[in-house]
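Working notes for the structure below.
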Amino acid sequence: DTKVPDRLTGAVDLLKALASATRLATVVELGEGPRCVHELQTSLEAAGRAVSQPLLSQHLKVLREAGLVTTTRRGTEITYQLADAHVGHIVNDAIRHSQEEHP
């Protein structure tokens, strides 16, 4: 699989960036609206997915480098938001698909 066609490379990179339960949960949370790290951390913990701030920051860096989230500075805080609605749709569709019954 070393010769992946160019048109698939972007999709492979996107799916690799999403290949983490914490990153998927983060995208779901950001689908509700922009959040700073401590707000995301609180939301994830409330959803049963406790994650340390340094680890969450690493996951956000992966999502940012993949172009899936963007940032805005608000005073001393950085707010994260989904780059576009497609990212949220991809994640929510994947979650729904995984919960369907398959023969």
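Which one of 94, 42, 59 is farthest out on the positive end of the charge dipole of the chain, using unit charges on Cβ (Lys, Arg +1; Asp, Glu -1) and the Cα centre as origin?
Result: 59.
If you fit an axis through the alpha-carbon atoms of helix 6-18 and take the longest principal axis of the Cα set of the chain, what angle between them do you get, 0 to 90°, nearest 10?
Computed tilt is about 40 degrees.
Leaving out ligands, DNA and RNA, and with a 1.4 Å probe, what % of the accessible surface on the stretch 40-100 is carbon or sulfur?
On the way: 1960 of 3880 Å².
Heavy-atom surface of the stretch 40-100 belonging to carbon and sulfur, 1.4 Å probe: 51 percent.
Separation between the residue 28 and residue 8 pseudo-spin-labels, each 7 Å from Cα along Cα→Cβ, expressed in nm?
Once both label points are built, they end up 2.9 nm from each other.
About the Cα centre of the chain, what is the dipole size in debye to 20, counting +1 per Lys and Arg Cβ and -1 per Asp and Glu Cβ, all else neutral?
Result for the chain is approximately 320 debye, rounded to the nearest 20.
Hey, what number do you get for the chain at 222 nm if only DSSP H runs of n ≥ 4 count, each worth -39500 (n - 2.57), divided across all residues, to the nearest 500?
Calculated at 222 nm, the ellipticity per residue is -18500 deg cm²/dmol.
Using 0.36 nm times the number of residues separating residue 42 and residue 16, minus their current alpha carbon distance, what extension gain do you get?
6.8 nm
Using the heavy atoms of the protein chains alone and a 1.4 angstrom probe, what is the accessible area of the chain per residue in square angstrom?
66 Å²
Which order, highest average first, do 54-67, 90-103 follow once you tally other Cβ atoms within 10 Å for each residue and take the mean per peptide?
54-67, 90-103
The values are calculated or read from the model by the stated rules, or taken from the named source; none is laboratory data. Not measured: the values here are computed from a predicted model. Virtual Cβ from ideal backbone geometry, glycine too; neighbours counted across all protein chains shown. Just the protein is used for accessible areas: all its heavy atoms, side chains included, with ligands, DNA and RNA removed. Shrake-Rupley method; radii C 1.70, N 1.55, O 1.52, S 1.80 Å.
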